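A.B. asks: Please see the structure below; I have some questions.
The values are calculated or read from the model by the stated rules, or taken from the named source; none is laboratory data. Computed from a prediction, not measured in an experiment: that's the story for all the values here. Here the Cβ is made from the backbone with ideal geometry for all residues, glycine too, and neighbour counts use every protein chain on show.
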Amino acid sequence: MVKLTFYGGVGEIGGNKILLEDGDCRIFLDFGVSFSRRSKYFEEFLPPRTANGIGDFLATNLIPDIRGVYREDLLVHLGR
C-alpha cells in the first residue's frame, strides 16, 4: 500500500517535506525548510552554525529526525 507523509509544507510557505512509501521503499519528493519556522531561530546575522552540520536544524525540529535520511557520519558527533 502506498503511503504519503507530509512533515511540513501544509498551510505554510516553504517547508515541503513529503515522504512516499511503498512497502520497504521510501523516497522524499521534496525536502524544504519552512521560512516562518526558520526565522524563529535564525536570521541574517545569526545563521545556523556550520561546524554543527545539520545539528541545529534537528535540534529546532526544522528538519525531521528520520532514520536513513541523513548520512551517518554527519550524525556521529550529535550522539545519534
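A.B. asks: Applying the selection to the stretch 1-52, what residues are among the small types (G, A, S) and in contact with a helix residue (DSSP H, G or I) (Cβ under 6 Å, 6 or more places away or on another chain)?
C.D. replies: Taking the stretch 1-52 first, the residues among the small types (G, A, S) are 8-9, 11, 14-15, 23, 32, 34, 36, 39, 51.
If the condition is that a residue be among the small types (G, A, S) and in contact with a helix residue (DSSP H, G or I) (Cβ under 6 Å, 6 or more places away or on another chain), then G14 is the only one that fits.
A.B. asks: Considering only residues that are loosely packed, with under 14 Cβ neighbours inside 10 Å and at pLDDT 85 or above, which ones fall in the stretch 7-39?
C.D. replies: L20, E21, D22, G23, D24, C25, I27, L29
A.B. asks: Any residue in the stretch 15-37 that is more than 12 Å from L4 (Cβ to Cβ) sitting within a Cβ distance under 6 Å of a residue that is hydrophobic (A, V, I, L, M, F, W, C) and loosely packed, with under 13 Cβ neighbours inside 10 Å? List the pairs, counting only those 6 or more apart or interchain.
C.D. replies: F35/I13
A.B. asks: Let me ask another. Within the stretch 52-68, how many residues are exposed (fewer than 14 other Cβ atoms within 10 Å of the Cβ) and either closer than 13 Å to G8 by Cβ or touching a strand residue (DSSP E or B) at 6+ places or on another chain (Cβ under 9 Å) (or both)?
C.D. replies: 3
A.B. asks: Moving on. Kindly evaluate D56 against the criterion of being outside any strand (DSSP E or B) and at pLDDT 85 or above.
C.D. replies: When the stated conditions are applied, D56 passes them.
A.B. asks: Moving to a separate point now. Could you please find all residues in the stretch 5-53 being of a type in the set (G, A, S), in a loop (DSSP other than H, G, I, E, B) and farther than 20 Å from E72 by Cβ?
C.D. replies: Scanning the stretch 5-53 gives G9, G11, G15, G23, G32.
A.B. asks: Still on this structure, I have one more. Got at least one residue in the stretch 53-62 being of a type in the set (A, V, I, L, M), out of contact with any Asp or Glu (no Cβ under 6 Å at 6 or more places or on another chain) and over 18 Å from F6 (Cβ atoms)?
C.D. replies: Yes, there is a match, as at least one residue in the stretch 53-62 is of a type in the set (A, V, I, L, M), out of contact with any Asp or Glu (no Cβ under 6 Å at 6 or more places or on another chain) and over 18 Å from F6 (Cβ atoms).
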